[in-house]
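Participant: If you scroll down you'll find the structure; I have some questions about it.
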Amino acid sequence: PHKVKTLIERKKAINKEQFETQYYALQLYYGNYTAAKRLLQGFEEKYPTWETELVFETPNYKVRVGRFKNLKIANQKLEKIRQEYPSAFLLEPNNL
């Protein structure tokens with residue numbers, strides 16, 4: 001019984017870690033640092049409750065927003081955001 005309990009606890013920990021790291025996000029921009037930082041600050045002012053992230057992947061800075069578990073919700077948010085950020089696109093969990 002003790003081994004089974006230990007196994008169940010390990011499985012819960014793995015599931016929790018996967019849940020926290022597997023999400024959809026929206027990428028608003030990639031390019032130089034100055035423009036990325038300016039766009040990020042403007043977005044944060046308009047959408048203060050959204051999670052935001054500035055990522056550097058040589059040679060570009062990327063502005064990513066949101067953490068959505070549900071693909072349908074992520075796509076709804078993308079449609080809304082594209083009105084203001086037309087080049088925004090959806091990032092699948094494995095492409096983050």
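Participant: Counting only residues that are open to solvent by 40 Å² or more (accessible area, probe 1.4 Å) and touching a residue at least 24 places away in the same chain (Cβ under 8 Å), which one in region 58-69 is nearest to the chain's Cα centre (by Cα)?
Facilitator: Filtering first and then ranking leaves R67.
Participant: I'd like to verify a number: residues in region 68-83 that are part of a loop (DSSP other than H, G, I, E, B) and either at pLDDT 95 or above or of a type in the set (S, T, N, Q) (or both), how many?
Facilitator: Here the count works out to 2.
Participant: In region 43-67, how many residues are under 21 Å from G31 (Cβ atoms) and in a strand (DSSP E or B)?
Facilitator: Residues that pass the stated criteria total 13.
Participant: Output the residue which, of all residues in region 70-93 that are loosely packed, with under 14 Cβ neighbours inside 10 Å and in contact (Cβ under 8 Å) with a residue 60 or more places away in the chain, is farthest from the chain's Cα centre (by Cα).
Facilitator: If we take residues in region 70-93 being loosely packed, with under 14 Cβ neighbours inside 10 Å and in contact (Cβ under 8 Å) with a residue 60 or more places away in the chain, then F89 is farthest from the chain's Cα centre (by Cα).
Participant: How do the pairs read when you match residues in region 26-37 that are in a helix (DSSP H, G or I) with residues anywhere that are open to solvent by less than 70 Å² (accessible area, probe 1.4 Å) and of a type in the set (K, R), using Cβ under 9 Å and keeping only pairs 6 or more apart or on different chains?
Facilitator: A36/K62
The values are calculated or read from the model by the stated rules, or taken from the named source; none is laboratory data. What you see is a predicted model, and the numbers here were worked out from it, not measured in a lab. Because the Cβ atoms are built from the backbone with ideal geometry, glycine has one as well, and the counts that use them run over all protein chains shown. Just the protein is used for accessible areas: all its heavy atoms, side chains included, with ligands, DNA and RNA removed. Shrake-Rupley method; radii C 1.70, N 1.55, O 1.52, S 1.80 Å.
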